[in-house]
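K.L.:
So that we are looking at the same thing, I have put the structure below in structure tokens.
The values are calculated or read from the model by the stated rules, or taken from the named source; none is laboratory data. Since this is a predicted model, take the numbers as computed values, not measurements. Every residue, glycine among them, receives a Cβ derived from its backbone with ideal geometry; neighbour counts consider all protein chains shown. Side chains included, ligands, DNA and RNA excluded: accessible areas come from the protein's heavy atoms. Shrake-Rupley method; radii C 1.70, N 1.55, O 1.52, S 1.80 Å.
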Amino acid sequence: GAGVSQSPSNKVTEKGKDVELRCDPISGHTALYWYRQSLGQGLEFLIYFQGNSAPDKSGLPSDRFSAERTGGSVSTLTIQRTQQEDSAVYLCASSFILAGAGEQYFGPGTRLTVT
Amino acid sequence: AQSVTQPDIHITVSEGASLELRCNYSYGATPYLFWYVQSPGQGLQLLLKYFSGDTLVQGIKGFEAEFKRSQSSFNLRKPSVHWSDAAEYFCAISGAGSYQLTFGKGTKLSVIP
């Protein structure tokens with residue numbers, strides 16, 4: 001079947017604008033994760049969704065970041081009032097097995113550039 | 001807090017040579033261990049994982065890794081590197097009942113033809 005897809009693949013935005021990044025997980029995967037990959041910081045966990053449970057937002061770097069997952073499937077990561085330090089690759093992953101994170105399948109990422 | 005250290009930022013090997021990428025972790029119990037590979041412009045692909053049992057695990061593309069509890073290590077090996085193995089490699093851990101992966105900073109592998 002299809003893997004995790006993300007859109008757009010690239011996004012250039014001006015400082016101060018809002019952006020929305022989309023993730024379509026693998027069908028049937030109950031868990032969905034967002035990570036940020038930036039130079040010097042490596043891969044950082046942002047947020048986690050599991051079924052209908054409240055998401056774990058402990059990794060979100062500021063209140064400008066938010067995410068939702070509609071119908072237990074598609075997820076949108078929103079960054080408000082973007083700053084230059086938000087420039088990074090945003091990766092989405094999904095998995096089926098909850099315990100021990102299971103095997104997380106990653107999408108190709110969205111490269112965000114804030115000018 | 002759990003953490004992962006990949007001591008080598010960049011490694012260069014000749015095609016056909018053997019490879020070992022190092023990974024050390026800090027965790028209060030036995031973690032779940034993963035190696036992922038990322039080719040340029042691509043997402044991460046799982047190479048192999050260790051949850052329990054045999055400490056030598058086999059993965060895709062001819063890779064293997066050995067969990068050594070006494071050394072808190074999970075080094076990745078390949079006996080003969082191919083040019084297509086050039087990529088960035090990430091070691092990651094999580095724990096029982098935990099869903100969050102903690103990644104090392106990655107090791108970039110270059111392969112000389």
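K.L.:
Give me, ordered by chain and number, the residues 5 or more places off residue B:87 or on other chains with an amide H under 5 Å from its own placed amide H.
P.N.:
For residue B:87, the qualifying residues are B:109.
K.L.:
At a 1.4 Å probe radius, carbon and sulfur cover how many percent of the accessible area of the protein assembly as shown?
P.N.:
48 percent
K.L.:
What list of ³J(HN,Hα) values in whole Hz, one per residue of the stretch B:33-42 in order, does the Karplus curve 6.51 cos²θ - 1.76 cosθ + 1.60 (θ = phi - 60°) give from phi, with Gly and Pro shown as x?
P.N.:
Coupling constants for the stretch B:33-42: 10, 9, 10, 10, 10, 10, 7, x, x, 10 Hz.
K.L.:
May I have the count of lysine pairs in chain B with C-alpha atoms under 19 Å apart, counting pairs 8 or more residues apart or located on different chains?
P.N.:
Going through chain B pair by pair, I get 8.
K.L.:
Separate question: Hey, with R₀ at 30 Å, roughly what FRET efficiency would residue A:10 and residue B:9 work out to, going by the Cβ-Cβ distance, to 0.05?
P.N.:
So, using R0 = 30 Å, E works out to roughly 0.70.
K.L.:
Distance in nm between label sites at residue A:41 and residue A:103, each 7 Å beyond Cα in the beta-carbon direction?
P.N.:
Spacing of the two 7 Å Cα→Cβ label points: 3.0 nm.
K.L.:
Taking a spot 7 Å from the Cα of residue B:29 along the direction of its beta carbon, which residues of the stretch B:49-73 have an amide N less than 16 Å from it?
P.N.:
Residues passing the 16 Å test: B:51-53.
K.L.:
Same structure again: Give me the 1.4 Å probe accessible area per residue for chain A, excluding ligands and nucleic acids, in Å². Provide the component values of the computation, followed by the final result.
P.N.:
Values: 5440 Å² over 115 residues.
Per-residue accessible area for chain A comes out at 47 Å².
K.L.:
Among residues other than residue A:65 whose Cβ falls under 14 Å from its Cβ, what is the net charge (Lys/Arg +1, Asp/Glu -1)? Don't jump to the answer; show the numbers that get you there.
P.N.:
On the way: positive: A:36, A:57, A:64, A:81; negative: A:18, A:20, A:44, A:56, A:63, A:68, A:85, A:86.
Net charge around residue A:65: -4.
K.L.:
Express the relative contact order of chain B as a whole percentage, based on alpha carbon pairs under 8 Å and six or more residues apart in sequence.
P.N.:
37 percent
K.L.:
Using θ = phi - 60° and the Karplus form 6.51 cos²θ - 1.76 cosθ + 1.60, what ³J(HN,Hα) does each residue of the stretch B:103-112 get, whole Hz, x for Gly and Pro?
P.N.:
Once rounded to whole Hz, the list reads 9, x, 7, x, 10, 8, 9, 10, 10, 8.
K.L.:
Between B:70, B:94, B:39, find the one with the highest GNM mean-square fluctuation for chain B; connect C-alpha pairs within less than 10 Å.
P.N.:
Fluctuation is largest for B:70.
K.L.:
How far apart, in nanometres, would the label points at residue A:96 and residue B:2 be if each is projected 7 angstrom from Cα along the Cα-to-Cβ direction?
P.N.:
A separation of 2.2 nm, rounded to one decimal place.
K.L.:
Additional query: Work out the length of the dipole vector of chain B about its Cα centre, built from +1 on the beta-carbon of each Lys and Arg and -1 on the beta-carbon of each Asp and Glu, and round it to the nearest 20 debye.
P.N.:
Once rounded to the nearest 20, the dipole reads 180 debye.
K.L.:
Amide H neighbours of residue B:32 under 5 Å, counting only residues 5+ apart in sequence or on other chains, H built in-plane at 1.01 Å?
P.N.:
Under 5 Å from the amide H of residue B:32: B:94, B:95, B:96.
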